[in-house]
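Okay, structure first, notes after.
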Amino acid sequence: MTAATTTAAVAGRSAHRRLPRFLRRREGALGAVLLALVLLVSFAGPFVAPHPLSRPVSFPGAPPSSAVLFGTDSLGRDVLSRVLFGGSSVLTLSLVSIALTYLVGVQLGVLAGLSRRAFVDPLIMRLVDLLITFPPLLLLLVLLSGAGEGFWVLVLGIALVLFPGVARVARSATAEVATTGYVEAATVRGERLPAIMYREVLPNIAPAILADLGVRFAAAVILAASVNFLGLGAQPPAADWGLMVSENRTVLATNVWAVALPALLLAVLTISVNLLADAYAHSLGRSDGRSR
Amino acid sequence: MSAPTEIGPAPGAPVAPATPPRVRRPVVDFLVRRIALGVLTLVAGSILIFLATNALPGNVAQVVLGRDATPERLAALESSLGLDRPLVERYVSWLVGALHGDLGRSAVAMAQSAPETSVSVLIAGPLLNSSVLALIAAVLLIPLSLAVGVFAAVRAGRPSDHVLSYVTLAFGALPEFVLGTLLIVVFSSWLGLLPPVSLLGPSETPLSRPVGLVLPVLTLLGVAVAFSSRQVRAGMIRALRSEHVKTARLNGLAERRIRYRYGLRTSLATSVQSFAQSIQYLFGGIIVVEALFTYPGIGTALINAVLRRDVTQVQGIALLLAAAYIVINILADLVVLLVVPKLRTGAR
């Protein structure tokens, strides 16, 4: 009966009330809108770009005019069109990397928390401790210098830098549920390790693991954008926001937008992800008590 | 009546004889343990660096000399770099050399027949320049974060706090090169106040041309202060809600005294930890910031070495940065230990 009344009450209120809790907070809503905007620009942008991606339309570093809304870049190409094309590379790289990060981090963490073989836990966790000791970007650069560039090397590198954090969280969450009745029952029933991992443990530790997904995704975006900026990721003539910031420095004096527009879009992207992460953390009660 | 009652022995009181001798010098114990662990980590890290930089089957000499290198030149460069020896032997001689301050020779410099090929000599100047940049940022970081964090904490929930919280979130979220670029757009393109690059002439040092340091330092501080001040604010709010602050309030102490003597002092433990994290962050941030402003430091040197596949130089710089990172880690934990008496007296 209580469930029925609650449903009725919720349905009676505005659609706003049906949103997840963290999206109802002001910063959550703002973050969601901004992120949607960036995603729209990145993935729908190529279809509405006014000019071709790589053909010069005016002289290099031309200031904004009615023909080229945000001027041209260091090679005379339309800045707006390149910005509309240039978001998908950083987003794809960070999305694929974060997926691999969680795939590896969660498995290793759960394995470390569950395994009964004495060497598995220390082996995984000492590796995690070691990787966590180094500055993320340094680790990534060292790997790139040895393994060369390329999309999958970058994905591997970013995942290598970020998975230790996930593994730590997954391990401690697993350790907490490992002694609960249902996991012990499954062990006694003689279920195999993978079955226990995926059917008993994983569904129960999922909330704990996903709690800081936003923060980690933001870190992946920063690493991906920085690598592109440093010239170690996307290569010219590809359009990429980070790469645009570095290659258009030469026309800063005549057309600020060639640098400012991609930088602003990267700013909106990282800020929106952080707003969402912050709102989500608040909704979980990890705040200083000001949240409702 | 006004002073809070002391619980347990006073700070200077003799230690109870029941305490096991192990705990009597907790700071020394801690240092010995951490330094041993640090050395171990550094050795493991050096293996990691060495393996990662040698991950590519392709040959360093080949990459450096280009495709049309003659087999004779290749062989000559290889043997002078010691690349014809087995991996383990190369690692051991590299590590032994590094312990004597010799980080090997730069393959790129050798291929270009540069006058100076020793990595240790090549990176000494950039290392000094980077230290200047990092030190200035670190010294400014602490007072600024404390000021912003405390300001926000005592106004918690009010409009100024909300605005600050959005601003720090935004700044802390940005990649360093994005924040730096936006600062360049504002301060050098629009206002024309500061130079967009921090190049130095051959006879110049960063301190002889301080105007070039402003934007790099501001960029580093923008991100680091945003992070640390949020931690300071949270710690301060927690401290201001604690029982001893309530007691002090009920006793009618002046708000200023409560804020600094009882609130800030207690919250320092968490703050110091966040400063340590921020200073560690500076190590990663400095690489990108130097590249953005073409500041002649270790970060720019590292990026150039990575782009040119100058493996020996990458190894040397990475080892140095890793060592510095570990030392900072130990120092930060030591400071935390000294600031938070609880950690020293407990049976840890």
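Nothing in this text is a laboratory measurement; each read-out follows from the coordinates by a stated rule. Because the structure is a prediction, the values reported are computed rather than measured. Cβ sites come from the backbone with ideal geometry, for glycine too, and all protein chains shown count toward neighbours.
A few remarks follow.
- Its Cα gyration tensor gives the protein assembly as shown an equivalent ellipsoid; the semi-axes, largest first and in whole Å, are 41, 34, 29.
- Computed FRET value (nearest 0.05) for B:LYS246 with B:VAL167, which takes r as the C-beta separation and R₀ as 25 Å: 0.25
- Alpha carbon convex hull of the range A:190-250, volume per residue in cubic angstrom: 113 Å³
- Taking a sphere under 13 Å around the Cβ of B:ILE330 and counting the other residues whose Cβ falls inside, with K and R at +1 and D and E at -1, yields a net charge of +1.
- Relative contact order (percent, whole number), chain B, Cα cutoff 8 Å, 6+ residue spacing: 25 percent
- Computed Kirkwood radius, in angstrom, where 1/r is averaged over Cα pairs of chain B: 23.6 Å
- Per residue, the average separation of C-alpha pairs within less than 8 Å and at least 6 apart gives chain A a relative contact order of 26 percent.
- For the range B:26-121, relative contact order (Cα pairs under 8 Å, six or more residues apart, normalised by length) works out to 21 percent.
- With contributions of -39500 (n - 2.57) from each DSSP H run of at least four residues, the per-residue ellipticity at 222 nm computed over chain B stands at -22500 deg cm²/dmol.
- The modelled label-to-label distance for the pair B:LEU40/A:ALA195, using points 7 Å beyond Cα in the direction of Cβ, is 3.8 nm.
- Two-site label geometry, A:ALA118 and B:ILE47: point separation in nm, points 7 Å out along Cα→Cβ: 2.0 nm
- Within chain A, helix-based [θ] at 222 nm, where runs of 4 or more DSSP H residues each add -39,500 (n - 2.57), nearest 500: -21500 deg cm²/dmol
- Förster radius 45 Å - calculated FRET efficiency between A:LEU40 and B:THR70, Cβ distance, rounded to 0.05: 0.25
- For the pair A:LEU103 and B:ALA114, label points projected 7 Å from Cα toward Cβ lie 4.0 nm apart.
- Radius, Kirkwood style, for chain A when every pair of distinct Cα atoms is counted (Å): 21.7 Å
- For chain A, the longest principal axis of the alpha carbon atoms and the long axis of helix A:88-114 meet at an angle near 20°.
- Label zone (A:SER58, point 7 Å along Cα-to-C-beta; backbone nitrogen cut-off 12 Å) within the range A:258-276: A:258.
- Cα-based equivalent ellipsoid of the range B:124-308: semi-axis lengths in Å, sorted from largest, via gyration tensor: 37, 17, 14
- For the range A:49-188, the square roots a ≥ b ≥ c of the C-alpha gyration tensor eigenvalues yield an a/c of 1.5 or more together with a/b exceeding b/c, which makes the shape prolate.
- Largest-first principal axis extents of the Cα set of the range B:26-121 (Å): 62, 29, 17
- Of the DSSP H helices in chain B, those whose Cα atoms cover at least 20 Å axially and whose Kyte score averages 0.0 or more: B:26-53, B:119-154, B:159-173, B:211-240, B:265-293, B:311-339
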